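Some notes on the structure that comes next.
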Amino acid sequence: MTSSRTNPPSDRAAGTDVGSAAWELLLPAVEEPARRRGRALQSALREAVRSGRLVPGTRLPSSRALAADLRVSRGLVTEAYEQLTAEGYLRSGRGAGTWVGEAVRAAAPEIRDLAPRAPGVRVDFRPGTPDLSLFPRAAWAGAHRSVLGRLPHDALGYPDPRGLPVLREALAALLARRRGVVADPERLVVCSGVAQATTLLGFVLHGRGLRTVGVEDPGSHEHSALFTSAGLATTDLPLDDEGLAVEPLVRSGVRAVVTTPAHQFPTGIAYSAARRSRLLDWARTVDGLIVEDDYDGDFRYDRAPVGALQGLDPRHVAYTGSVSKSLAPGLRLGWLLAPADMTDEIVARKRTMDLGNPSVDQAVLADFITRGGYDRQLRRCQRAYRERRDTLTSMLAECFPGTAVSGIAAGLHIIAGLPGRYGPEPVLLARAARAGVALRPLAAKTAASGDRAVNLVLGYAHLAPSEIERGVRLLAETLRDPAGPDPREGRGRVFT
């Protein structure tokens, strides 16, 4: 009877019939134990339709013929046909047979991964990513086991949309101690990173009648995209050597502005005390809001970090931060401290957005903070990132003499102003890309070909010192060779 299972059934009719390749998809199903055979047959038929092996318009054999060829009961086949007809995969009519439904479309050939990647890049100097190999896996796993062992059952239900009380309390103490924030756990909202915190603020500001928010120029492109998703336009506001320029801010007429005062992104400056004071005066005068993105405020290498702006006026500053730079962005854990009169609106919007962040992840972070793991992680990262910054600056001095490194000794990136002889910038960027070195220019639009200025934002935290040396030498070699190295070749001599 082997041939009866490998050949297509003889019951054919006009139209498209079952081909042998599709027929063979059902054979493993009938080999299942009797108690699972019916479900297996249904699953095999369903997958054959989804994958396109049984295309719309294909006529299936009668239940009697299919049962005979598969050597199963007719009832098993009839039940499978009826189930898939009810689901819409098949269609049938009295005396007309059973067919694959026209509404069915084949599934996508593969599952795509839309996470940001850099295919073909040999050394990626673009900023914004910490060293994910430094994630404290053992300590985090230990905290996870400890938390699960003592977490009460009701903590696994829908959480307070603000976040677990134990995490809000731990974060409030941490932020007050490390960043000088005025942190009331009742007003602290746990978010899916700074991105969600910004979006929440955007929705609340829009609900209060605001239609435009000021953003730093140059600044993070993500801010504009997030506010746009909340229905707000953005106005670019220029910087000077002390931070956000106040006069253009006043002339703009906006009543809310996003800032990165501890370590401006991307220029790397820290707002001066005088500029911080003037910004707060502006906010009080217009009854406005300063949104403080403290994205890497813990990483200062030459002195203690400057305290958060929010600590000077919690009524006019909304403070946002996350563990994306200190632990890993994939955790999607951050926080928002807004003025007291905005908290209820933010919490209401957070509730409708996602009903709160995962309880177990919050409890693990709380345990990690209260037991000292977070402070240890920050010290570990600070040592590593300081070394990498020093490596990058020394390699630039060696391979690109005359390069000016600006900005404070902090964060995960530097601004490198290469001498004009290495420009023009578009040519340098094109040669670097051809060699597999990913770079980000300081300006959103690179300088015109006649302007030989080259200003780059170089990230270093995610690169080992050896990778930094390799990347700078490769870039230097690329600029010496107008054709650029072939990315497919190792060019080992470049790195010696």
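Here are a few things to note about the model shown:
- Here Ala433 and Glu82 are evaluated by their C-beta separation; at R0 = 51 Å the FRET efficiency comes out at 0.30.
- Projected area averaged over orientations for segment 166-218, convex hull of C-alpha atoms, nm²: 5.1
- Relative packing of 217-224, 116-123, 417-424, which averages over residues the other C-beta atoms within 10 Å, highest first: 217-224, 417-424, 116-123
- Computed over protein heavy atoms with a 1.4 angstrom probe, the accessible surface ordering of Lys350, Lys325, largest first, is Lys325, Lys350.
- Pairwise FRET efficiency - Leu156 versus Asp390, Cβ, R0 = 56 Å, nearest 0.05: 0.75
- Overall shape: oblate for segment 229-293, with the ratio a/c of the largest to smallest alpha carbon gyration tensor axis at 1.5 or above and b/c at least equal to a/b.
- Theoretical gain in end-to-end length, Glu24 to Arg117 [0.36 nm per residue, Cα-Cα removed]: 29.6 nm
- Here the accessible area of segment 291-331 is 50 percent carbon and sulfur, with a 1.4 angstrom probe and all protein chains present.
- Paramagnetic reach from Ala443 (point 7 Å along Cα→Cβ, amide N under 20 Å) across segment 385-426: 403-407, 414-426
- Computed over segment 220-318: relative contact order in percent, which uses C-alpha pairs under 8 Å that are six or more apart: 25
- Candidate residues Asp344, Asp113, Asp281, Asp313: accessible-area rank, largest first, probe 1.4 Å: Asp344, Asp113, Asp281, Asp313
- Rolled with a 1.4 Å probe across the full set of protein chains, the surface gives Thr234 an accessible area near 40 Å².
- Among Ile290, Thr352, Val254 - extreme Cα towards positive end, dipole of the chain, charges at beta-carbon: Thr352
- Label-point separation, Val405 to Ala348 (7 Å along Cα→Cβ), nm: 5.0
- Classification of segment 44-134 by its C-alpha gyration tensor yields a prolate form. The axis ratio a/c (a ≥ b ≥ c) is 1.5 or more, and a/b outweighs b/c.
- Helix-only arithmetic for the chain: the sum of -39500 (n - 2.57) across DSSP H runs with n ≥ 4, divided by the residue total, places the mean residue ellipticity at 222 nm at -12500 deg cm²/dmol.
- Virtual spin-label span in nm between Thr235 and Phe135, 7 Å along Cα→Cβ: 4.1
- Assuming charge only on the beta carbon of Lys and Arg (+1) and of Asp and Glu (-1), the dipole of segment 368-480 about its Cα centre is about 280 debye to the nearest 20.
- Taking segment 149-163 and a reference point 7 angstrom along Cα→Cβ of Val360, the backbone N atoms nearer than 17 Å belong to 149-159.
- Between helix 137-150 and the chain: long-axis angle, C-alpha atoms, 0 to 90°, nearest 10: 70
- Helix 465-480 axis, angle to the chain major axis (alpha carbon atoms, nearest 10°): 80
- Global geometry of the chain, whether rounded, prolate or oblate, following the gyration tensor of its Cα atoms and the 1.5 cut on a/c: prolate
- 0 to 90° range, to nearest 10: angle between helix 165-179 axis and the chain longest Cα axis: 30
- Using the 1.4 Å probe convention, the accessible area of the chain works out to 46 Å² per residue with neighbouring protein chains retained.
- Mean separation of Cα contacts under 8 Å, 6 or more apart, over the residue count of segment 279-394: relative contact order %: 20
- Unit charges at the beta carbon, dipole of the chain: most positive-side option, Ser220, Ile111, Ala172: Ile111
- Virtual paramagnetic centre 7 Å along Cα→Cβ of Arg380, amide N under 11 Å, in segment 138-174: 138-141
- Unit charges on C-beta of K, R, D, E only; dipole of the chain, Debye: 1160
- With a Förster radius of 30 Å applied to the C-beta separation of Glu398 and Arg303, the computed FRET efficiency comes to 0.65.
- The charge dipole of segment 231-280, taken about its Cα centre with unit charges on the Cβ atoms of Lys, Arg (+1), Asp and Glu (-1) only, comes to about 220 debye.
- Sequence-separation-based contact order of the chain, relative, with Cα cut under 8 Å and 6+ spacing, percent: 16
The values are calculated or read from the model by the stated rules, or taken from the named source; none is laboratory data. None of the values given here were measured: they were computed from a predicted structure. Virtual Cβ from ideal backbone geometry, glycine too; neighbours counted across all protein chains shown. Protein only, heavy atoms only, side chains kept; ligands, DNA and RNA dropped before computing areas. Shrake-Rupley method; radii C 1.70, N 1.55, O 1.52, S 1.80 Å.
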